[in-house]
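Asks: Quick one: this structure, given as structure tokens, is what I'll be asking you about.
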Amino acid sequence: MQTRRQLVGILLTVAMLLFAVAACAPETEDPIAGLGLVTQIQPQDDIVRGLATVESLDLALAGTFPVQVNAIVRGILPDSCTQIGQVSSVLEGSTLAITLRTERPADAICANTTQPFEKTLALAVEGLPAGVYTVTANGTSARFELSVDNRVEGLEPEAGTTSTPAPDATPALAPTAESSENQTSEATAEPDKRKCKDEMAFVRDMTVKDDTRMEPGQEFVKTWRLRNIGTCTWTQAYALVFANGDQMSGPDIVPFPKEVEPGKTIDISATLIAPATRGNYQGNWKLKSLDGTTFGVGNNNNKPFWVRIQVTASATPTPDETGSNIRGRVWHDLCKQPAVGAAPLETPPSGCTARANGSFVGNGIYEEEEPRIAGYEVDLGAGACPSTGLALAVADINGAYAFANLDAGTYCVSIDPLSDFNLPIFIPGEWTYPENATGSRTIRLDGIADVENVDFGWDYQFAP
């Protein structure tokens, strides 16, 4: 009896020890697959693993049958040591989910600078039925469509024959328009099955980024980089066409300079002229296929790509013999601050004046070596300051602005450094001239004489 009790006690002790070990053991299930949230995994075998940051996903369909689909994945790696590690894909229904993991040595000393990466992955699409499929890569998605089942019946060749499928077994990709005249009536019996598809992806702006500032009437060339992600080859019968919005004196149509095969890119340009009136302008553009159909970007291939600019008001209007003109400039009021930790100065440095707290600021006196500030916006108001809304002007590259042909009267010239237009130009800093530090001046005109040197001084906080 005593022996049996001892045996039971030993078994209970062993069971409790096994339970404790199991409770303390790490999870073996992949947290990325289980949660879809973990981006950094603990080191295993001296390797730190995580998920890659994907910024764009393009799909390129090759002009063959069965259709071949390549995924072009681009993104950012967090440092100089991290590399793309395991890449896996899972097809669930009509969604093909790609997971790109990263890895780097756990004890590596790495430069803390991001590194771009690009991976081209061949997707397993042979044998898929016709339909629309979504491809995801670490959360970024794109779609492609198979117009017919992506398989060739009787793929195994007979003895003594090649494995090339017969012409009537390749319905997924249509002949181009150049070869369509040679098709037999049997081949045109099912046109929908033989027609290729036009799809495109916007890659990047090569020139004139969004909201670029332009002078009135300025000529410029806008260039887009586009990728052919469809199954049709873009021949020289394709073209860039204006869709809607602000045409900016651009052409209605720009023919393609070369052929673009599926998966390839093209840089295509339009020469435009900025409108003469101040404001924001956007012109929308699309592509036109050889049969006259227009197409663009997006899941439905119907969204345009665009050019968007800001036009500044004329900075140097030509005055006539009637009325008065107001002219001025804004300069950078330089004040060289003492070095951090330096002994206090008894007198202000050159170009500076002392504040009550012992610090220094620009002295509000324009000197020839001090640079001028360009591109800012000036507001003219009717009546004494504060007053705005009568007219706007934008300074030229020399920092000068002007209001022309004004009637006799009182006006307010003001510059708001916190406006959406001026904020990137002025902040952080402060006014040093005029002494009211409001960035405004009241001007009185007689309608005949001009008023010059309506100037403003600005001291940048972190500049010398």
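Asks: Which net charge results for the neighbourhood of Ala270, defined as the other residues with beta-carbon distances under 13 angstrom from its beta-carbon, given Lys and Arg at +1 and Asp and Glu at -1? Mind dumping the intermediate values first?
Replies: On the way: positive: Lys222, Lys286; negative: Asp205, Glu219, Asp246, Asp252, Asp267.
Net charge in that neighbourhood comes out at -3.
Asks: Take the Cα atoms of region 38-146, find their three principal axes, and give me the spread along each one in whole Å, biggest first.
Replies: 49, 22, 19
Asks: List, in order, the whole-Hz ³J(HN,Hα) value for each residue of region 374-385 obtained from phi through the Karplus relation with A = 6.51, B = -1.76, C = 1.60 and θ = phi - 60°; use x for Gly and Pro.
Replies: Calculated HN-Hα couplings, in order: 10, x, 6, 9, 10, 10, 10, x, 8, x, 5, 5 Hz.
Asks: OK, next. Net charge around Thr388, counting only other residues with Cβ within less than 9 Å of its Cβ (Lys, Arg = +1; Asp, Glu = -1)? Before the final figure, lay out each step's value.
Replies: Details: positive: none; negative: Asp379, Asp416.
Here the count lands on -2.
Asks: Kindly write out, for region 197-213 in residue order, the coupling ³J(HN,Hα) from the Karplus curve 6.51 cos²θ - 1.76 cosθ + 1.60 (θ = phi - 60°), rounded to whole Hz, with x marking Gly and Pro.
Replies: Result, rounded to whole Hz: 10, 8, 9, 9, 10, 6, 9, 6, 7, 8, 9, 6, 5, 3, 6, 5, 7.
Asks: Using 0.36 nm per residue, how much length does the chain from Gln83 to Glu346 gain when fully extended, once their Cα-Cα distance is taken away?
Replies: Values: separation 263, 0.36 × 263 = 94.68 nm, distance 5.69 nm.
This chain segment gains 89.0 nm when fully extended.
Asks: If you count the DSSP beta bridges with both ends in region 200-311, what percent of them are antiparallel, to the nearest 5? Write out the running numbers ahead of the final one.
Replies: Working: 34 of 37 bridges.
Roughly 90 percent of the DSSP beta bridges within region 200-311 come out antiparallel.
Where a number appears in this text, it was derived from the coordinates with a stated rule and is not lab data. No experiment lies behind these values; they were computed from the predicted model shown. Please note: Cβ atoms are built from the backbone with ideal geometry, for glycine as well, and neighbour counts cover all protein chains shown.
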